[in-house]
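Just below is one structure, and these are the notes that go with it.
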Amino acid sequence: MERTLIILKPDAVQRGFVGEIITRFEKKGLQLAGLKMMVIPKATAETHYAPHKERPFYPGLVRFMTDGPVVVLALQGVNAITIARNLMGATFGSKAAAGTIRGDFGVSNAYNLIHGSDSPEAAEKELGLFFKSGELVDWTPTIQPWIYDLTGTKPE
Ligand code: UDP
Ligand code: MG
């Protein structure tokens, strides 16, 4: 099972989409392994988006991400990183496909509701940045045998 770090950005919280977005992930079959509400400290936002440090949108992005509360999730599942990114949709709200979170709920290219890790390396780094080890919960949903085919050597 893979884990990914999801942030429901300040616009998602302010616009009341927290439940709606979490519901989409739950309905898909991705499992919650961590969840908390916080205001991201500036230094944490800077570290999180350090790969974009040289980009013109970086200062505004850090301001946006620290401008109000966010909800941070750890989601778990086979290929959770890619599955979550597909549910999120393309980066720009103006271009994201209908049916995706960004495609359905926003028009902005900057205020695009949600962050999701884009690789296993990023996920590990980002999960470590936002969650202490004890804050992530190891559990198995009782419904698991109906989410995956568990009759073989690995979940299918
Ligand atoms: N962003 C922006 N302007 C841009 C590109 C990105 O404001 O031209 C913001 C946007 O909020 C995006 C974040 O920077 O989600 C990180 O960009 P990235 O390319 O990593 O997109 P993502 O991985 O979030 O789809
Ligand atoms: Mg990214």
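The values are calculated or read from the model by the stated rules, or taken from the named source; none is laboratory data. What you see is a predicted model, and the numbers here were worked out from it, not measured in a lab. In this analysis, Cβ positions are derived from the backbone assuming ideal geometry, glycine residues included, and neighbour counts consider all displayed protein chains.
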Exercise. Here is a list of conditions, (1) acidic (Asp, Glu); (2) farther than 18 Å from Gly34 by Cβ; (3) in a helix (DSSP H, G or I); (4) within 14 Å of the chain's Cα centre (by Cα), and Asp104 meets all of them except one; can you say which number that is?
Worked result: (4)
For this session: Any chance you could count how many residues in segment 107-125 are in a loop (DSSP other than H, G, I, E, B) and within 11 Å of ligand 1 (Cβ to nearest atom)?
Result: 9
Exercise. Looking at Gly128, Gly106, which is the one that is at pLDDT 95 or above and surrounded by fewer than 14 Cβ atoms within 10 Å (Cβ to Cβ)?
Worked result: Gly128
Seminar exercise, completed: Here the qualifying pairs (Cβ atoms under 9 Å; residues six or more apart or on different chains; first in segment 108-122 and farther than 20 Å from Phe25 by Cα; second within 8 Å of ligand 2 (Cβ to nearest atom) and assigned to a loop (DSSP other than H, G, I, E, B)) come out as Asn109/Thr91
Exercise. Taking segment 78-99, which residues are surrounded by 15 or more Cβ atoms within 10 Å (Cβ to Cβ) and on the phi > 0 side of the Ramachandran plot?
Worked result: Gly89
Problem set entry | Residues within segment 48-88 that are within 11 Å of ligand 1 (Cβ to nearest atom) and either assigned to a strand (DSSP E or B) or among the basic types (Lys, Arg) (or both), tallied | 3
Problem set entry | Qualifying residue in segment 90-102 (condition: of a type outside the set (Gly, Ala, Ser) and touching a residue at least 40 places away in the same chain (Cβ under 8 Å)) | yes
Exercise. Which members of segment 123-156 meet the condition of being touching a residue at least 60 places away in the same chain (Cβ under 8 Å) and either of a type in the set (Gly, Ala, Ser) or within 16 Å of ligand 2 (Cβ to nearest atom) (or both)?
Worked result: Ala123, Glu126, Leu127, Leu129, Phe130
Problem set entry | Ile7 within 16 Å of ligand 2 (Cβ to nearest atom), within 13 Å of the chain's Cα centre (by Cα), of a type in the set (A, V, I, L, M, F, W, C) and not in a strand (DSSP E or B) | no
Problem set entry | Count of segment 109-120 residues which are loosely packed, with under 15 Cβ neighbours inside 10 Å, away from ligand 2 (no atom under 12 Å from the Cβ) and under 15 Å from the mean Cα position of the chain (by Cα) | 1
Seminar exercise, completed: When (1) within 11 Å of ligand 1 (Cβ to nearest atom); (2) at pLDDT below 95 are applied to Ser133, the one that fails is (1)
Problem set entry | Leading residue by the ranking (surrounded by the most Cβ atoms within 10 Å (Cβ to Cβ)) among those in segment 35-66 that are of a type in the set (Val, Ile, Thr) and in contact with a helix residue (DSSP H, G or I) (Cβ under 7 Å, 6 or more places away or on another chain) | Ile40
Exercise. Failed condition for Lys36, given (1) more than 16 Å from ligand 2 (Cβ to nearest atom); (2) assigned to a helix (DSSP H, G or I), with all others met?
Worked result: (2)
